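The values are calculated or read from the model by the stated rules, or taken from the named source; none is laboratory data. Predicted model only: the values in this text are computed from it and were never measured. Here the Cβ is made from the backbone with ideal geometry for all residues, glycine too, and neighbour counts use every protein chain on show.
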Amino acid sequence: MAKNVCESVRGNRPCGNPVIPGSKYCNNHGGHAVIRSREKMEKRQYHIEKYNQELDARIKGFEEHSRLTSQIDELAILKALLDNVLSQCTQPIELLSHTPMIADLVQKVDKTVCNIHKMQKSMNMLLDKQVIAEMISAIIDVVTEEINDPKVVKIIQARLKDILARDE
Ligand SMILES: [Zn+2]
């Protein structure tokens, strides 16, 4: 039996009507409804995924910010420790005996500064995207004001939004 006939059974006999493409049933047995409900679910799924992506981006922003803050705190502590050690070394012999500790602290300061620079750089890149979003919104305003054909305006808006939606 061909696959593109309705699976619904009437009495003992299968319906046998041609199916609505994309469903297992004919028009009389709910083929359209099956497709409609699937489309509805796909649309819902799409919105859920989009929402989750936005949420992830926002959480990532928070995390980055708090990581940066903790690194800045760390740097302040390391600097204080280093100052403390150095101020204790009034004699060259003391400086010598503290050298491993000083070297360790200097290395930690260096690493922390490096981390902070990296984080600030990636956060600036995020900020750039926000600036682009604002620019595109301003361009859409100009287009809406200057072009009288609503069809053309809609097309331009959609294309600009597509550009913004691109990941990289
Ligand atoms: Zn049928």
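Give the residue, chosen from Ala57, Ala33, Ala103, Ala76, that is free of Cβ contacts under 8 Å to residues at least 12 places away in the same chain and within 16 Å of the ligand (Cβ to nearest atom).
Ala33
Out of everything in region 16-25 that is under 46 Å from the mean Cα position of the chain (by Cα) and surrounded by 10 or more Cβ atoms within 10 Å (Cβ to Cβ), what residue ends up being nearest to the ligand (Cβ to nearest atom)?
Filtering region 16-25 for residues that are under 46 Å from the mean Cα position of the chain (by Cα) and surrounded by 10 or more Cβ atoms within 10 Å (Cβ to Cβ), the one nearest to the ligand (Cβ to nearest atom) comes out as Tyr25.
Could you check, for region 140-152, whether at least one of its residues is closer than 25 Å to Arg58 by Cα and surrounded by 10 or more Cβ atoms within 10 Å (Cβ to Cβ)?
Yes: one or more hits.
Of the residues that sit in region 2-15 and are surrounded by 15 or more Cβ atoms within 10 Å (Cβ to Cβ) and farther than 19 Å from Arg38 by Cβ, which one is nearest to the ligand (Cβ to nearest atom)?
Here the answer is Cys15.
How many residues does region 7-29 contain that are closer than 23 Å to Glu42 by Cβ and either in a strand (DSSP E or B) or hydrophobic (A, V, I, L, M, F, W, C) (or both)?
Residues that pass the stated criteria total 3.
Tell me which of these Arg38 doesn't satisfy, since it passes every other one: (1) of a type outside the set (Ser, Thr, Tyr); (2) within 12 Å of the ligand (Cβ to nearest atom); (3) surrounded by 10 or more Cβ atoms within 10 Å (Cβ to Cβ).
Condition (2) is where Arg38 drops out.
So which of Glu74, Glu63 is in a helix (DSSP H, G or I) and exposed (fewer than 13 other Cβ atoms within 10 Å of the Cβ)?
Just a single option satisfies the conditions, and that option is Glu63.
Select, from Leu105, Leu78, Leu68, the only residue that is under 31 Å from the mean Cα position of the chain (by Cα) and modelled with pLDDT of 80 or more.
Leu68
Out of Thr112, Thr69, which single residue is of a type outside the set (Phe, Trp, Tyr), assigned to a helix (DSSP H, G or I) and touching a residue at least 12 places away in the same chain (Cβ under 8 Å)?
The conditions single out Thr112.
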